[in-house]
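Visitor: Sharing a structure here in structure tokens format.
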Amino acid sequence: MTALVQESRKQQNSVEPYFHQFFQQVVQSMPHVDPQLLIKVMMLEMNLKDYMGAKIPHVNLYVQYKEGTDLHQKQEEGRDKYPIEVTASRWEDGVIFSGLMSIKNVETVCSDPDIVRVTGKASPRHN
């Protein structure tokens, strides 16, 4: 009986169910964006508040669009809208957005309805 009570207490004190719930909410909110990337951007943004310099991470987003989308047009639209570097991928199968971005900036860039998939990297270093 004591082992059962102890196991029950362990489960109540575990943060794992909360993380799984949070992770699923991130996936549901932006299903076409890599959830681990979103979480990393948020974590870096939160941690950078304690340091001098920019308070947001450097993010590289690799954005893939629906087949038939004019990538040159998406690249030009990105350059007009955002104060970050926007280039076509080497294989011309997507557009790369690179610069200092908060989670709000990432959400804005990724809100284009023509986007199929977004992956990338986030770093606390500002290139």
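Laboratory data are not the source of any read-out in this text; all were calculated from the coordinates shown. Predicted model only: the values in this text are computed from it and were never measured. Every residue, glycine among them, receives a Cβ derived from its backbone with ideal geometry; neighbour counts consider all protein chains shown.
Visitor: What percent of all Cα-Cα pairs in the chain falls in each 5 Å bin, counting up from 0?
Guide: Per 5 Å bin, starting at zero, the Cα-Cα P(r) for the chain comes out as 2, 10, 18, 18, 15, 12, 7, 5, 4, 3, 3, 1, 1, 0 percent.
Visitor: Can I ask one more? Take LYS49 and ALA88, extend 7 Å from each Cα along the Cα→Cβ direction, and tell me the distance between the two endpoints in nm.
Guide: 4.1 nm
Visitor: Would you calculate the separation in nanometres between label points at GLN73 and HIS32, each defined as 7 Å from the Cα along the Cα-to-beta-carbon direction?
Guide: Label at GLN73, label at HIS32, 1.5 nm between them.
Visitor: Could you check what % of the DSSP bridge pairs in the stretch 31-123 are antiparallel, to the nearest 5?
Guide: Among the beta bridges of the stretch 31-123, antiparallel pairing accounts for roughly 95 percent.
Visitor: With +1 on the Cβ of every Lys and Arg and -1 on the Cβ of every Asp and Glu, and nothing else charged, how large is the dipole of the chain about its Cα centre, in debye rounded to the nearest 20?
Guide: Working: 14 positive and 16 negative charges, 115 e Å.
With only Lys, Arg, Asp and Glu charged at Cβ, the dipole is about 560 debye.
Visitor: Below 8 Å between Cα atoms, with a sequence gap of 6+, how large is the relative contact order for the chain in percent?
Guide: Values: 164 pairs, mean separation 40.9, N = 127.
Dividing the mean separation by the residue count of the chain yields 32 percent.
Visitor: To continue, here is another question. Student exercise: in the chain, how many lysine pairs 8 or more apart or on different chains have Cα atoms under 17 Å apart?
Guide: The result is 10.
Visitor: Can you name the helices of the chain, as whole DSSP H runs, whose Cα span along the helix axis is 18 Å or more and whose Kyte-Doolittle mean is not below -1.0? Walk me through the numbers on the way to the answer.
Guide: Details: long enough: 16-29 (20 Å, -0.54); 35-48 (20 Å, 0.97).
Flagged H segments are 16-29, 35-48.
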